[in-house]
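Everything below concerns the one structure shown next.
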Amino acid sequence: MMYQDSPIIRVVIGLLNPLMLLLAIYLIFNGHSSPGGGFQGGAILATVFISHYVIYPYEDIRIRTLQFMEKILYLALVLLSVLVVIVLPVQLSLWQNQLYMTIMNILIGFKVGAGLTLIFLRFVFHEGGL
């Protein structure tokens, strides 16, 4: 394994992670009214998790919990979409539409963050022989 403990990387990632987390949350919550949204925020969220792994590769990673969370988020996305499209076919008011889009962006953001993190971890554990 090519891991070498570098204090420079540890400090830089330690400083950037809170900013990346803040940017991810901002994009997820404001995606309904500005460019960005769930997918972009989720990709940045996955970057936070992946960079944390780069600093602390030996910490216990709960892949099964992350997989379960991703499945639950996917189910919530599908159920909410079905609820709005089929069960509530009436025209939504402006605030209801914004609420729906905000909830969808939150679900998509966390789903994408979990999914991209899982993809990275699968590559690390499968290709790295761990």
Sole residue being charged (D, E, K, R) and either touching a Gly at 6+ places or on another chain (Cβ under 9 Å) or modelled with pLDDT of 90 or more (or both), chosen from Glu59, Glu70: Glu70
Boolean, Phe110 is under 30 Å from Asp5 (Cα atoms) and either of a type in the set (Asp, Glu) or at pLDDT 90 or above (or both): yes
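Restricting attention to the stretch 84-107, which residues are at pLDDT 85 or above and of a type in the set (A, V, I, L, M)?
Residues of the stretch 84-107 that are at pLDDT 85 or above, as a first pass: 102-107.
Scanning the stretch 84-107 gives Ile103, Met104, Ile106, Leu107.
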Matching residues in the stretch 15-49 - criterion: being modelled with pLDDT under 90, in a helix (DSSP H, G or I) and exposed (fewer than 13 other Cβ atoms within 10 Å of the Cβ): none
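The values are calculated or read from the model by the stated rules, or taken from the named source; none is laboratory data. All of these numbers come straight from a predicted model, not from anything done at the bench. FYI the Cβ positions are ideal-geometry reconstructions off the backbone, even for glycines, and counts take in every protein chain you see.
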